[in-house]
Number of protein chains: 2
Amino acid sequence: MKTESKKFLLQEKEIPEAWYNIVPDMKVKPAPMLDPATKRELKAEDLYPIFAEELAKQEMNTTDQWIEIPEEVRDMYKIWRPTPLVRAAGLEKALDTPAHIYFKNESVSPVGSHKLNSAIAQAYYCKKQGITNITTETGAGQWGAALSLAAQHFGLALAVYMVKVSYNQKPYRRSIMQTYGAEVIASPSMSTKAGRKIITDNPTCQGSLGTAISEAVELAMSTPNCKYTLGSVLNHVSLHQTVIGLEAEKQMEMAGEYPDIIIGCFGGGSNFSGISFPFLRHNLAGERNTRFIAAEPESCPKLTMGEFRYDFGDEAGYTPLIPMLTLGHEFMPANIHAGGLRYHGAGSIVSRLKKDGIIDAVDIPQLETFAAATLFARTEGIIPAPESSHAIAAAIREAKKAKEEGRQKVILFNLSGHGLIDMASYDRYFAGDLTDCKYEPAK
Amino acid sequence: MKTESKKFLLQEKEIPEAWYNIVPDMKVKPAPMLDPATKRELKAEDLYPIFAEELAKQEMNTTDQWIEIPEEVRDMYKIWRPTPLVRAAGLEKALDTPAHIYFKNESVSPVGSHKLNSAIAQAYYCKKQGITNITTETGAGQWGAALSLAAQHFGLALAVYMVKVSYNQKPYRRSIMQTYGAEVIASPSMSTKAGRKIITDNPTCQGSLGTAISEAVELAMSTPNCKYTLGSVLNHVSLHQTVIGLEAEKQMEMAGEYPDIIIGCFGGGSNFSGISFPFLRHNLAGERNTRFIAAEPESCPKLTMGEFRYDFGDEAGYTPLIPMLTLGHEFMPANIHAGGLRYHGAGSIVSRLKKDGIIDAVDIPQLETFAAATLFARTEGIIPAPESSHAIAAAIREAKKAKEEGRQKVILFNLSGHGLIDMASYDRYFAGDLTDCKYEPAK
């Protein structure tokens, strides 16, 4: 055992001062969002009824490479940022690989995941505009927990529609939101037309993300001074998450290496984009040739098996049409334990990059992710979130390949969250109750 | 909102190189442990059958002020240490107090609490001596989780006896231990004579910490190459925890202030000692006049209402006699949610310091701790463990007093752990199901 630097730490003043917007650097830009009825190209103003204006502008911004992070947001980032970059020496040893494995540890956030990076920004811009109430939906609860903390900080009232099955199965995440002062409503609920209709038709309905989105949007649209927020998929969410990669860039420099491979798990795209885009800009500028791998669940393989076309962002078809790699907005993924990755499509930027061969993707079976998670916990000490375990599994695959090839590759992955609130999933894994879930296309 | 430094961060190389042993600096030393049968004063050798020799020597060390931290232990500390010192500016603002409040954030450990500081040291010394198996008991599971990670790292097989009621009520902590590779046994169990006797007499017995200790000690004594370990109360555990205060000392210097008041919650004493002793040495040397406050639960007030005398460390009376402030080893505290503070006595060093008026203690009602925890979560973003919330409540009392007196006091407390695995307690608090639990002396 040697005493080498294990963590690479930045000072508070090194928290990035601007987010990186990749769109201006893309040779082929993502196609615009469309109005589903008229097929008209949407402008920022068209989103103002739903989103804070500044966020709508960021969503449509194709010209500014850098967007300044407001002081109030950076101030709040200081609660837990900068996050450590860690050399996974224990994992390397266990794999007996010549690869150098690094991970960016976003799990140190007080809500346990990277989601807070965008939650703070979204709450801030709503507050700045004079909004008093915000809404959102949450599945597993990571986004809802992050937004609850951010809303409390900026003095916004928050209503979170939580998919009913999760509301009952994941009481800890619900309690976290309530502790931060949010109102959490099991969806479908009687508080909206959309919810009432579903309950009336099917009183025992356990809800879905699509229904929860519909309820959150309806409440935002029908409440004075209220906006809706979203935790992934959209461009402005990816933008806010680039603080991850921007910090990691400086930290890899401290480590004296540059990544050959960068990996993030993939649900809607926010954490993958966050770790990747700042490094990807050097590929786009022709200065580097890093490989980027999005690690998605085998049961929900939109990047490797999806169709590239316009589709709705939600199940019910309330959102604008988004140009995306999609399994179809009505696709219901298997009930895997990485709840945050159960989404039918990829955001428009990542979809474009994948279509153009600029990034790669791999599909990982559920059991492989839990095996990877257990090895990681035992060698690096941190129990990862089931979502993040997809990135770990992909990193392990690459480290094994490096061993076979006898090459000293440098691998960087994003540990997007810890799993301390997901222990029930680990229980089921150890009990042998989990299975792999193959992709089955919607009928 | 101003952009001030919020966190004070050290580099890895600033992790302390030695633990601080307070005993040489105490004018009145703690009395020795005694053999319960013969009342003979115990030497380190007398503890060798149960504890690793190096730990037994540390337990009895009254001469060396500094004990070097082995490289292998410092190396593993690097997983999460140094921990941040944080200025609680949000809490100060909410309290409108002139006091400056700082907290040492030990919750960033991968198991969520300070317990890992000693778990790593204990596992290391066992491994170094050639021990292959270790045992321990755990109530709420914080210590068991920490030791599981440490044992896995050093390649030791670990059996954790977990009080049966917790085993069933706190499945997340059990899963964490299993994920790290430990064997977790609900106590009472059929695996020991002590357990079998209790089960035979009372088949539905839900267990107690006393029974779990008996089982863990029995297994250690009856298994070749096996030792027992303990997570609090003992001198060597407090010794290992002094990394907390030693780091905080450097960080308060970075902040340009020195604490007037230092607060830790109090169960057996390990986190209170850890934050306090390094600062206390300056009081003992006559250089400073800091006030030290141990915050204990109203329901288990050994420091304020206990008797100073020899008593057993465990309920069943298997341990040596320890000179302590005690409510009596048969005292059963109320079933409060800060499970880690439900212990009848205080370690011998703290007991001596309290008796000699060198440290203070306060008793905090349960509801006040949850109100403090909620305010802290909403202003500082971190949901604290119910145990740590006692320190927060005491800090809030002092900050309010500072406001009344119009004095700009500097308050430092130890945030010993986060509460993300204790959300069920918060649920009950918000539902109005919790009550205060007054102390009722044993009959």
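The values are calculated or read from the model by the stated rules, or taken from the named source; none is laboratory data. What you are looking at is a predicted structure, and each value in this text was computed from that prediction instead of being measured. When we count neighbours, we look across all protein chains shown, and the Cβ atoms used for this are built from the backbone with ideal geometry, even at glycine. In case anyone asks, the SASA skips ligands and DNA or RNA and just uses the protein heavy atoms, side chains included. Shrake-Rupley method; radii C 1.70, N 1.55, O 1.52, S 1.80 Å.
Looking at the range B:123-147, which of the residues that are assigned to a helix (DSSP H, G or I) and under 29 Å from A:Lys170 (Cα atoms) is farthest from the other protein chains (Cβ to nearest Cβ)?
Of everything passing the filter in the range B:123-147, B:Trp143 is farthest from the other protein chains (Cβ to nearest Cβ).
Across the range B:162-171, what is the number of residues that are modelled with pLDDT of 90 or more and facing chain A (nearest Cβ under 7 Å)?
0
Go through (1) in contact (Cβ under 8 Å) with a residue 12 or more places away in the chain; (2) touching a Ser or Thr at 6+ places or on another chain (Cβ under 8 Å) for B:Phe430 and report which single condition fails.
Every listed condition holds for B:Phe430 apart from (1).
Could you tell me whether B:Gly90 is in contact (Cβ under 8 Å) with a residue 24 or more places away in the chain, part of a loop (DSSP other than H, G, I, E, B) and open to solvent by 10 Å² or more (accessible area, probe 1.4 Å)?
Criteria not met by B:Gly90.
Would you mind telling me which numbered condition in (1) in a helix (DSSP H, G or I); (2) within 21 Å of A:Leu9 (Cα to Cα); (3) open to solvent by less than 10 Å² (accessible area, probe 1.4 Å) A:Lys250 fails?
(3)
Identify, by number, the condition in (1) over 16 Å from the mean Cα position of the chain (by Cα); (2) not in a helix (DSSP H, G or I) that A:Gly267 doesn't meet.
Condition not satisfied by A:Gly267: (1).
Here are A:Asp427, A:Asp436: which of them is under 24 Å from the mean Cα position of the chain (by Cα) and acidic (Asp, Glu)?
A:Asp436
Name the residue, out of B:Leu85, B:Leu116, that is within 14 Å of chain A (Cβ to nearest Cβ), touching a Ser or Thr at 6+ places or on another chain (Cβ under 7 Å) and within 19 Å of B:Ile382 (Cβ to Cβ).
It is B:Leu116.
So is A:Ile101 in a helix (DSSP H, G or I), among the β-branched types (Val, Ile, Thr), under 27 Å from A:Glu247 (Cβ atoms) and in contact with a Leu (Cβ under 8 Å, 6 or more places away or on another chain) or not?
It is false that A:Ile101 is in a helix (DSSP H, G or I), among the β-branched types (Val, Ile, Thr), under 27 Å from A:Glu247 (Cβ atoms) and in contact with a Leu (Cβ under 8 Å, 6 or more places away or on another chain).
For the range B:253-295, which positions are open to solvent by less than 40 Å² (accessible area, probe 1.4 Å) and small (Gly, Ala, Ser)?
Within the range B:253-295, B:Ala255, B:Gly264, B:Gly267, B:Gly268, B:Gly269, B:Ser270, B:Ser273, B:Gly274, B:Ser276, B:Ala294, B:Ala295 qualify.
Hey, could you check the range A:305-319 for residues that are in contact (Cβ under 8 Å) with a residue 60 or more places away in the chain and in contact with a strand residue (DSSP E or B) (Cβ under 6 Å, 6 or more places away or on another chain) and say which is most open to solvent (accessible area, probe 1.4 Å)?
A:Tyr310
For the range A:184-216, enumerate the residues that are hydroxyl-bearing (Ser, Thr, Tyr) and either more than 19 Å from A:Phe312 (Cβ to Cβ) or assigned by TED's automatic domain parsing to the domain that holds A:Tyr343 (or both).
A:Ser189, A:Ser191, A:Thr200, A:Thr204
Based on this model, can you work out whether A:Glu68 counts as out of contact with any helix residue (DSSP H, G or I) (no Cβ under 9 Å at 6 or more places or on another chain) and more than 9 Å from every other protein chain (Cβ to nearest Cβ)?
Considered against the rule, which asks whether it is out of contact with any helix residue (DSSP H, G or I) (no Cβ under 9 Å at 6 or more places or on another chain) and more than 9 Å from every other protein chain (Cβ to nearest Cβ), A:Glu68 comes out as yes.
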